[in-house]
Amino acid sequence: MSDTSLVAPPSLTTDALLRSRAEAVVPGGMYGHLALPTLTGIPQYIERANGSRLWDVDGNEYVDLMCGWGPVILGYRDAVVEAAAEAQRAKGDCLNGPSPVMIELAEIFVATVEHADWAMFAKNGTDATTMCCTIARAKTGRKKILVAEGAYHGAAPWATPNPTGVPAEDRANRIPYVYNDIESVRAAVTDHADEIAAILACPFRHYAGLEQPLVDEDFARDLRDICDEIGAALILDDVRAGFRMHHGSSWEPIGVLPDLSAWCKAVANGYPISAVTGNDDYRDAAASIFVTGSFWMSAVPMAAAVATITELGKRDAVGRMAVVGEQLRAGIRASAERYGFAVSSTGPVQIPTLLFTNDTKYQLAKALSYEALARGVYTHPARNWFISAAMTDADLDMALTGLDGAFQAVRKAYPDAS
């Protein structure tokens, strides 16, 4: 049975026309993580969004469990963030020099993030992770970066999981280790101790298509100790998890402070900005490197970031997302059990991943995603989802009802699946 034969999918006539137009002028019709299979039922183009809901170009409404792939944390079109952005837009955005709001934003990072003595700004998560590596190399005079196998740290040649078009030389200074396996780190250090500029880690193992365990606290502490022993930087890639797991650096609750951190997705509730924070040991190195971009000092995203980080604290957004995430996870597990499916729901509850056991080709996961879409719930079959602080009880009820119906429909379509 094909994935698309499960349900009568949402009407996507306009979406199909837009895909056709795009294929004529954009290589592949779309690229990167936003490229979706050309299958009926998956909306490629979105018309508008508000709070935790979005509408595709054909008018179909969804409760959104992807949040723009992570950037939307207070909900689409949050009134406070939009007012701050509009006030700055009236003054100017891309200017000859930075607006004073840049200093205000840096001050907020320093006040909010325990390890941060300074902050720098860019546009994308890839910018931020690359800057962290460059700063670590400038400080240490070394080349090698330890990177967990399967980890995603951006789309630059050194980081991308897709080696197409990337010379081997661009990836020559990556040394792999296994996440949550400290012996693999020690082995790499033994072989390359005098060459290691940094160990790069995610707050939890967020690899596409796999279960996503939280960090082992002893592993995180041992990474900190090893970096101190060999004089390397501990870099935390908080691009995906920053401000969702904790109102500050994601490892603060376990008492582990990195030297450098990369931030992006949720910093400005959908406005384009990323950040690097670091401690004073790396201040001079950060000042010594040359990094820049035509739009890096744009003031409107910085004003949005100031409002976002401030509101996250005022609203206890992390707590709200945790409550909703726990209820969502419990409801999903209950539905899976009700219809006889073995599933795993892993990762932080604010950034959950749902996988079917032994579903190696994601057949069941894709079927569930299509069925959920047909019932007004926007998810992804293989990547982690995101919860926003704008999720209301009505949004949660809609999501759980839609997902329960989706599990039931998948059971009917795949009666023998375990």
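Of the residues R186, R221, which single one is assigned to a helix (DSSP H, G or I) and within 26 Å of M245 (Cβ to Cβ)?
Details: R186 fails: within 26 Å of M245 (Cβ to Cβ).
Exactly one residue qualifies, and that residue is R221.
Being buried (at least 19 other Cβ atoms within 10 Å of the Cβ) and either of a type outside the set (V, I, T) or in a helix (DSSP H, G or I) (or both) is the filter here, so list the residues in region 381-395 that pass it. Lay out the reasoning, then the answer.
In the first step, residues of region 381-395 are kept if they are buried (at least 19 other Cβ atoms within 10 Å of the Cβ); the result is 381, 384-391, 395.
If the condition is that a residue be buried (at least 19 other Cβ atoms within 10 Å of the Cβ) and either of a type outside the set (V, I, T) or in a helix (DSSP H, G or I) (or both), then P381, N384, W385, F386, S388, A389, A390, M391, D395 are the ones that fit.
Using beta carbons and a limit of 8 Å, which pairs, at least six apart or on different chains, have the first residue in region 68-97 and within 29 Å of T392 (Cβ to Cβ) and the second one in a helix (DSSP H, G or I) and among the hydroxyl-bearing types (S, T, Y)?
Within 8 Å, the pairs are I73/T308; L74/T308; D78/T308; V81/T308.
In region 336-348, which residue that is closer than 26 Å to V318 by Cβ and among the small types (G, A, S) is farthest from the chain's Cα centre (by Cα)?
Taking region 336-348 as the starting set, the residues that turn out to be closer than 26 Å to V318 by Cβ are 343-348.
Narrowing further to those that are among the small types (G, A, S): 344-345, 347.
Details: S344: 20, S345: 17, G347: 12 Å.
Going through the qualifying residues, I end up with S344.
If you go through region 260-295, how many residues are out of contact with any strand residue (DSSP E or B) (no Cβ under 8 Å at 6 or more places or on another chain) and under 17 Å from V306 (Cα atoms)?
Final tally of qualifying residues: 6.
Give the residues of region 99-111 that are of a type outside the set (A, V, I, L, M) and touching a strand residue (DSSP E or B) at 6+ places or on another chain (Cβ under 9 Å), sorted by residue number. Lay out the reasoning, then the answer.
Narrowing region 99-111 to residues of a type outside the set (A, V, I, L, M): 99-100, 104, 107, 109.
Across region 99-111, the qualifying residues are E107, F109.
Could you pull out the residue among R320, R244 that is farther than 18 Å from T126 by Cβ, in a loop (DSSP other than H, G, I, E, B) and modelled with pLDDT of 95 or more? Talk me through it step by step, then tell me what you get.
Working: R320 fails: in a loop (DSSP other than H, G, I, E, B).
Among R320, R244, only R244 is farther than 18 Å from T126 by Cβ, in a loop (DSSP other than H, G, I, E, B) and modelled with pLDDT of 95 or more.
Just one of A336, A287, A303, A275 is aliphatic (A, V, I, L, M), assigned to a helix (DSSP H, G or I) and either closer than 25 Å to A390 by Cβ or modelled with pLDDT under 95 (or both); which is it? Before you say what the answer is, go through the steps one by one.
Numbers: A336 fails: either closer than 25 Å to A390 by Cβ or modelled with pLDDT under 95 (or both); A287 fails: either closer than 25 Å to A390 by Cβ or modelled with pLDDT under 95 (or both); A275 fails: assigned to a helix (DSSP H, G or I).
The match here is A303.
Hey, can you tell me all the residues within region 280-316 that are of a type in the set (S, T, N, Q), buried (at least 20 other Cβ atoms within 10 Å of the Cβ) and either touching a helix residue (DSSP H, G or I) at 6+ places or on another chain (Cβ under 8 Å) or on the phi > 0 side of the Ramachandran plot (or both)? Step through it out loud before you land on a result.
The first filter runs over region 280-316 and keeps only residues of a type in the set (S, T, N, Q), leaving 288, 292, 294, 298, 308, 310.
This time we only want the ones that are buried (at least 20 other Cβ atoms within 10 Å of the Cβ), so: 298, 308.
Listed by number, the list holds a single entry, T308.
Show the residue pairs meeting these rules: Cβ distance below 9 Å; 6+ apart or different chains; first residue within region 222-251 and under 19 Å from V178 (Cα atoms); second residue among the basic types (K, R) and crowded, with 22+ Cβ neighbours inside 10 Å.
Short answer, once both residue conditions are applied: A232/K144; A233/K139.
Within the group I145, I199, I108, which residue is in contact with a helix residue (DSSP H, G or I) (Cβ under 6 Å, 6 or more places away or on another chain), assigned to a helix (DSSP H, G or I) and among the β-branched types (V, I, T)?
Details: I145 fails: assigned to a helix (DSSP H, G or I); I199 fails: assigned to a helix (DSSP H, G or I).
I108 is the lone residue from the list that is in contact with a helix residue (DSSP H, G or I) (Cβ under 6 Å, 6 or more places away or on another chain), assigned to a helix (DSSP H, G or I) and among the β-branched types (V, I, T).
Report, by residue number, each residue of region 111-130 that is without any contact (Cβ under 8 Å) to a residue 40 or more places away in the chain and either among the aliphatic types (A, V, I, L, M) or surrounded by fewer than 18 Cβ atoms within 10 Å (Cβ to Cβ) (or both).
A111, the sole residue that qualifies.
Being part of a loop (DSSP other than H, G, I, E, B) and on the phi < 0 side of the Ramachandran plot narrows it down to one of P253, P258, so name that one.
Working: P253 fails: part of a loop (DSSP other than H, G, I, E, B).
Going through P253, P258 in turn, just one is part of a loop (DSSP other than H, G, I, E, B) and on the phi < 0 side of the Ramachandran plot: P258.
The values are calculated or read from the model by the stated rules, or taken from the named source; none is laboratory data. Since this is a predicted model, take the numbers as computed values, not measurements. Ideal geometry is used to build each Cβ from the backbone, glycine not excepted, and the neighbour counts take in all protein chains shown.
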